[in-house]
1. Just want to confirm a number: the relative contact order over chain A, from Cα pairs under 8 angstrom separated by 6+ residues, in percent.
2. Tell me, what is the percent relative contact order of the stretch A:244-355, built from C-alpha pairs under 8 Å that lie six or more residues apart?
3. Quick one: what do you get for the protein assembly as shown if you divide its Cα Rg by 2.2 N^0.38 Å?
4. Return the long-range amide H neighbours of A:Q85 (sequence gap of 5 or more, or a different chain), with a cut-off of under 5 Å between placed amide H atoms.
5. Hull surface divided by four, with the convex hull built on the Cα atoms of the stretch B:1-104: how many nm²?
6. Which three lengths, in whole Å and largest first, does the stretch A:1-122 cover when its Cα atoms are put on their principal axes?
7. Per residue Cα convex hull volume for the stretch A:100-224, in cubic angstrom?
8. How far, in nm, would the chain grow between A:D134 and A:N108 when pulled straight, counting 0.36 nm per residue and subtracting the alpha carbon separation?
Amino acid sequence: MARITLSGLAHSYLPRPKVPQDYALKRIDHEWEDGAAYALLGPSGCGKTTLLNIISGLLRPSEGRILFGATDVTDMATAERNIAQVFQFPVVYDTMTVYENLAFPLRNRGLKGPAADARVREIARMIGMEDRLDQKARGLTADAKQKISLGRGMVREDVNAILFDEPLTVIDPHMKWELRTQLKALHRQFGHTMIYVTHDQTEALTFADKVVVMTEGEVVQIGTPAELFERPAHTFVGYFIGSPGMNLLPATVEGSRARLEGGEVALTRAYPALSGQVEIGVRPEFVRLGSEGLPVEIRRVEDVGRHKIVRAALAGRALDIVAPEGAAIPAEPRVRFEPGAVNVYADGWLVEGTPREREAA
Amino acid sequence: MSEKPVNHRAWFMVLPVVALVAFSAVLPLMTVVNYSVQDTFGNNQFFWAGTDWFEQILSDPRIHNAFLRQILFSGIVLIIQVPLGVYIALHMPKKGVWASVCLILMALPLLIPWNVVGTIWQIFGRVDIGLLGKTLASLGIDYNYTQNPIDAWVTIIVMDVWHWTSLVALLAYAGLRSIPDAYYQAAKIDQASRWAVFRYIELPKMKGVLLIAILLRFMDSFMIYTEPFVVTGGGPGNSTTLLSIDLVKMAIGQFDLGPAAAFSIVYFLIILLLSWVFYTVMTAEDAKEAKQ
């Protein structure tokens, strides 16, 4: 096991990339801590799989280095890196039995005997296939095959990291939950570094200690689920994470006041003069519907059980509000934003600002 | 699966095909059957011969020998061409210009008519003017396919390998190209050796097309006539007289129509039987697994 360092890493599928758009993966410097569980979250085509394949050595990056611990592995073959990876679609060795499939990575490393046998059986129990060990793999259903793929990924104990490339896409929802829980359990038990690629935010947020959010080949934020929720570093993170996503409203910010089309909002931080496209972002969970504040127009109310999602408009701009289950919708609705929950963005990126001195104190 | 509706009137749809096959295959075959059970001395006069010709053919050492030579020929050809074809397919470029160039070069021998192939090798191997024959002679190797049975055999086998290995290679290549990249990636992750990749990924995925390749090559090589006939004419002596060459000698050379007709039928049944055995044995495993 080792810490994985990406240094000045970038990749383009073109032979001579020029503009930033030519890069499938834009320059990234990052350290994956040893033993942590990461999720790599982003929409399809954002470069997640590219990054994963570079780490496992299936792809050689066009720029930059990768280090496992202190060893430079950039030019090392996949097999030498001793890494496990589970792919989106099931890969099983058709002619082998379930047992042989699971034992294959061990056998290739020369591991045999009772220890290997015990390990295979343990993994088989974990994926719920211990009663089908002698069956040929080819006749199995897609989700059974994917469970074997997962099992093969987890069977080696000495791997540097386990990479998952949207492994639960073909698994049915009930089993998804169970397998994800087991992956977490496995992580706690063995402490492998795990990197889990997904475009499903629930999957990412429940699995990972730290979530890496990517879009258009670029890492926009690395943080804990709470950080992503409370302080999205980029407007993309704001609306990609959360259901519904963060409300973004164009504004002009002067000091600690933001002026919107529908009125003014007080901020808890002070900001310097900002250039470019300035927006304020506030999560629907932090918008309070009542009879004070900025006037809004209600368009639709969706009852999702535990709470209501109110689709409203503030001076013509869409504004989502999460209201408690029993909340009444006022006749002349107005909204207030929770202090401290309003973030300011310039050209998409979060502006930190400086905490305002307490006026009352 | 839901139950299929049964409608016997559907058989009428098959009638045109049955009629066509009757004219192109069944009727000619019946003529042969007709000859095989009768004797004739010309003038369209026929005498009933029963199974005499069959008994004669089946106990004829000349035909036994031709049969053994045929088995040997097909066996050698399969043993060389199948692994060689697979080997070539594994080493062909996977994409780009060179893949196309390779495919065209590989397909060329398949496009050459049989008698031209025979003529090419007949001249190629000649000691007096042929490039191969003369080169071997100047290297001090005593090679002469018209005199030496071993040389004759080597020549017709090398010729068949040259002519037909491409077919196996192209079929195997098609099988290999249908394997998704993910399999190779997974094998790298699992640290599989090159041999394991071949044994557990490539070979199982190629099995279907290889089965077809083996069947085609077996049937074709078992029926081969033109090329060895052009090169060696069955000689020296009878050393390269394969079944079809022997059959033509008997039917057209000696004009023994009765025995030749019986011979044809036995020949046909042998190919049918062996092809069936091949196919059954090779698909038996599939059937067994399907039942699981």
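Where a number appears in this text, it was derived from the coordinates with a stated rule and is not lab data. Predicted model only: the values in this text are computed from it and were never measured. All Cβ positions, glycine included, derive from the backbone under ideal geometry; neighbour counts span all protein chains shown.
1. Over chain A, the number comes to 16 percent.
2. Dividing the mean separation by the residue count of the stretch A:244-355 yields 31 percent.
3. 1.46
4. Counting only residues 5 or more places away or on other chains, the set is A:L163.
5. Mean projected area for the stretch B:1-104: 16.0 nm², to one decimal.
6. Principal-axis extents of the Cα atoms in the stretch A:1-122, largest first: 54, 32, 25 Å.
7. Working: hull volume 15.6 nm³, N = 125.
Expressed per residue, the convex hull around the Cα atoms of the stretch A:100-224 is 125 Å³.
8. On the way: separation 26, 0.36 × 26 = 9.36 nm, distance 1.97 nm.
In short, 7.4 nm is gained.
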